[in-house]
Amino acid sequence: MNRQLIRSYILLVAVAILLFTVPVAFTLTKQLRDDTKQSVLREAETMALLLSNGDQASCDALSKVATAYGNVQATPTGSCRPDLTRPSADAALTRAVEENESTTDWGSDFVWGKHLTVTVPAEGDAAVRIVYSTSDMTGRLWSIWGFRAALAVLVLAAAAAIGAFAARRITAPLRELNAMASKFSDGDLTARSPVTGPAETQTLARTLNQGAERLDTLVASQRIFVADASHQLRTPLTALRLSLDNIADGVDDEFVREDVEQATAEVVRMSRLVNGLLVLARAEAKVTAAEPLALSDIIQERLDVWRPAADERGVTIALGGSNADGRLLVLASPGHLDQVLDNVLSNSLEVSPDGGTITVRVESRGDEALLSVLDQGPGMSDAEKSRAFDRFWRGQGLTGRSGSGLGLAVVKQLVTDDGGTVTLGDAPGGGLVVLISLRASPKSGG
């Protein structure tokens, strides 16, 4: 928008220069041409009069004037025979001698040529011709147009500078509004725009701030409701699961036991869903700040927790990477990485075949740390990857039957809150790789 405003301002100034400066230059050019023509014509008529007089004094005066003026030609008559070149016969000379008419030839249809030729009649079938060099006129013409062209360039440069300043002043409120919108798109609902600029932008800023305030209040209320509801549901769900376990222990009927186990599985899934909602509500509330944490310690702790469950399936969890044993610090909120690894490892273990391998790698790349988890499961199609981070979306694999559909949504929310990114890719040889990029702490050491 700034460029459009600057271009419009320069165009407006250019049009003004064109309308006021160019006509003046044309007028001055025409005036220079007319004045020169009249001056040379008067001199030629004076010389013709001296030539017609024929006395010695007039002849002497004619010779002096012709010598001073330059290229003067004449057809001498009577007793006055000045030492002048006789003009070549042409239409202009014929008109002067036979028709007694003066003629002016500029030598070019465009402005003028190198010479201005003026032919005037004299008495006794004589004529005087002055061939006037227009070099001085051309120099004055360049002065007229060159001065105005230089002035136009300076004015346009000043207009560009003033236009840039004015454009920045005009668009400053819009940039503030754009900054607010950018923060909104990043999830910062506390962003507000200063009420500055023209009345129209002030009205727009007030309206957006009011809408943002209302939206922030509604979202906060929703988060509080989800957190409270999730917290309140955990206790009855736990009690229900204990009751179902007690029923299963006291029932001998195989069909009843199967129904109780199905009900227990649904209670477990509902518990996961409630826990996921509670984690999301807390993450969106951003109640904790990021701080330097030892990535290798957190990974080792979570792997120790998940290895027994992996051993039951014959699944191996391996740790590798150039910084697997290093003291790499990352910026994250306490508890976030634990939940991220728990969700990723849980999904990987669900889809891993018996006897498979889950590989966790840690790499350091400048100001970021890369954590990748690779499994040997069925992987995901491109369409599934595009929806994998949606809340409550479940794929067709093992997690699709028992998962809550919140695992990867929780992972993305927690990682994003800590300033990182998470993507999905294809693992070498088949399977899925979850690639997590985290901010490395300046305090990291080898």
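Of the residues ARG168, ARG175, the single one that is open to solvent by 30 Å² or more (accessible area, probe 1.4 Å), of a type in the set (Lys, Arg) and in contact (Cβ under 8 Å) with a residue 40 or more places away in the chain is ARG168. The residues in the range 116-136 that are touching a Ser or Thr at 6+ places or on another chain (Cβ under 6 Å) and either free of Cβ contacts under 8 Å to residues at least 40 places away in the same chain or buried (at least 16 other Cβ atoms within 10 Å of the Cβ) (or both) can be counted, and the count is 9.
Residues in the range 297-335 that are modelled with pLDDT of 85 or more and within 40 Å of the chain's Cα centre (by Cα): LEU329, VAL330, LEU331, ALA332. Against the list (1) open to solvent by less than 50 Å² (accessible area, probe 1.4 Å); (2) hydroxyl-bearing (Ser, Thr, Tyr); (3) within 19 Å of ASP105 (Cα to Cα), the condition SER52 fails is (3).
Looking only at the range 178-207, residues that are surrounded by fewer than 13 Cβ atoms within 10 Å (Cβ to Cβ), under 22 Å from the mean Cα position of the chain (by Cα) and part of a loop (DSSP other than H, G, I, E, B) come to 1 in all.
ALA159 satisfies every condition listed in (1) over 30 Å from GLY197 (Cβ atoms); (2) touching a helix residue (DSSP H, G or I) at 6+ places or on another chain (Cβ under 7 Å); (3) surrounded by 14 or more Cβ atoms within 10 Å (Cβ to Cβ) except (1). For GLY107, the conditions (1) surrounded by 16 or more Cβ atoms within 10 Å (Cβ to Cβ); (2) under 60 Å from the mean Cα position of the chain (by Cα); (3) not charged (D, E, K, R) all hold with the exception of (1).
Consider ALA89 carefully, then state whether it is at pLDDT below 85, farther than 30 Å from LEU19 by Cα and either open to solvent by 60 Å² or more (accessible area, probe 1.4 Å) or in contact with a Lys or Arg (Cβ under 7 Å, 6 or more places away or on another chain) (or both). Yes; evaluated as a whole, the condition is true for this residue. Out of ARG7, ARG42, one residue alone is open to solvent by 50 Å² or more (accessible area, probe 1.4 Å) and within 30 Å of ILE162 (Cα to Cα). It is ARG7. Scan (1) open to solvent by less than 40 Å² (accessible area, probe 1.4 Å); (2) closer than 30 Å to ASP354 by Cα; (3) out of contact with any strand residue (DSSP E or B) (no Cβ under 8 Å at 6 or more places or on another chain); (4) at pLDDT below 85 for the single condition GLN339 breaks and write down its number. Failing condition for GLN339: (1).
Of the helices (runs of 4 or more DSSP H) lying entirely inside the range 1-110, the ones with 3 or more residues being of a type in the set (Asp, Glu) are found at 2-53.
Scanning for something modelled with pLDDT of 90 or more, open to solvent by less than 50 Å² (accessible area, probe 1.4 Å) and within 30 Å of THR75 (Cβ to Cβ), does the range 16-34 turn up at least one residue? No, that holds for no residue. Hey, can you tell me all the residues within the range 409-421 that are open to solvent by 20 Å² or more (accessible area, probe 1.4 Å) and either outside any loop (DSSP other than H, G, I, E, B) or without any contact (Cβ under 8 Å) to a residue 40 or more places away in the chain (or both)? Once the filter is applied, which keeps residues that are open to solvent by 20 Å² or more (accessible area, probe 1.4 Å) and either outside any loop (DSSP other than H, G, I, E, B) or without any contact (Cβ under 8 Å) to a residue 40 or more places away in the chain (or both), the range 409-421 yields LYS412, GLN413, THR416, ASP417, THR421.
The values are calculated or read from the model by the stated rules, or taken from the named source; none is laboratory data. Remember, it's a predicted structure, so these values are computed and weren't measured experimentally. Backbone-built Cβ (ideal geometry, glycine too); neighbour counts: all protein chains shown. Surface accessibility is based on the protein's heavy atoms, side chains included, excluding ligands, DNA and RNA. Shrake-Rupley method; radii C 1.70, N 1.55, O 1.52, S 1.80 Å.
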